[in-house]
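Engineer: The structure is given below, and queries will be raised subsequently.
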Amino acid sequence: MPASRPAPNSLDAFLRDVSRRARLTAELATRDREAAQDIVQDAMLTLVAKYRDHDPSSWGPLFHRILHSRLMDHFRRETRRKKWFTWLDPMDEAGEEDPWQHIPDRVDSNPVTLLQRADNMDAVLAAVGDLPFRQQQAFLLRAWEGLDTAQTAEVMGCAEGSVKTHYFRALNSIRSRLGDIGTTAEDMS
């Protein structure tokens, strides 16, 4: 007897659909494949245990909020571990603001277009992977998961203005990294 596919609005179908992107999101954030798999699995188990009876349209934002919380827990544990086991201070993810990033350019800022125009997906993943965590999360939630600003703010636990700022900075950084791949407005015509 062949295995039956889950119904389109089932939790199994949702988890199957989101698992690869979630694993990639966690792996980019943690830079550790095993930790990323554990984090995604924990987020999925929490969604199933606590929210399986919720409306299927709410599963996306709920899952990403859980995933974000698990990633933050991971970073807190890593920070505590580093404080106890090394003499190095944790890296400042925010960094200093670069005034050159506010200079307007003639590059298409649509993330979907950037991803479609990139010939080398490894270059895209490297550019996303090099972003600070909050920018990375804002970009992945908005561009890859399709969440709006309000949903992204809820997932990230911050204000909508912060999401816009992180997303803007992520786009600028990715555009500068992928600038040689043909993403100018003239190339788009």
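Engineer: Rounded if a/c is under 1.5, else prolate if a/b beats b/c, else oblate: with a ≥ b ≥ c from the C-alpha gyration tensor eigenvalues square-rooted, which is the range 11-85? All intermediate terms of the calculation are to be shown ahead of the outcome.
Structural biologist: Numbers: a/c = 2.89, a/b = 1.95, b/c = 1.48.
The shape class here is prolate.
Engineer: A further question on this structure: Based on the mean of other Cβ atoms within 10 Å per residue, sort peptides 152-165, 46-59 so the most packed one is first.
Structural biologist: On the way: 152-165: 17.4, 46-59: 12.5.
In decreasing order of mean packing, 152-165, 46-59 become 152-165, 46-59.
Engineer: Pairs of Cα atoms under 8 Å, at least six residues apart: use those to get the relative contact order of the range 11-85, whole percent. The partial results should precede the final answer.
Structural biologist: Details: 40 pairs, mean separation 22.5, N = 75.
In percent, rounded to a whole number, it is 30.
Engineer: Roughly how many debye, to the nearest 20, is the charge dipole of the range 11-85 about its Cα centre, given +1 on each Lys and Arg Cβ, -1 on each Asp and Glu Cβ, and no other charges? Could the numbers behind the result be given before it?
Structural biologist: Numbers: 16 positive and 11 negative charges, 93 e Å.
That gives the range 11-85 a dipole magnitude of about 440 debye.
Bear in mind that the values in this text are calculations on the coordinates, not laboratory data. Since we're looking at a predicted model, the values are computed, not measured. In this analysis, Cβ positions are derived from the backbone assuming ideal geometry, glycine residues included, and neighbour counts consider all displayed protein chains.
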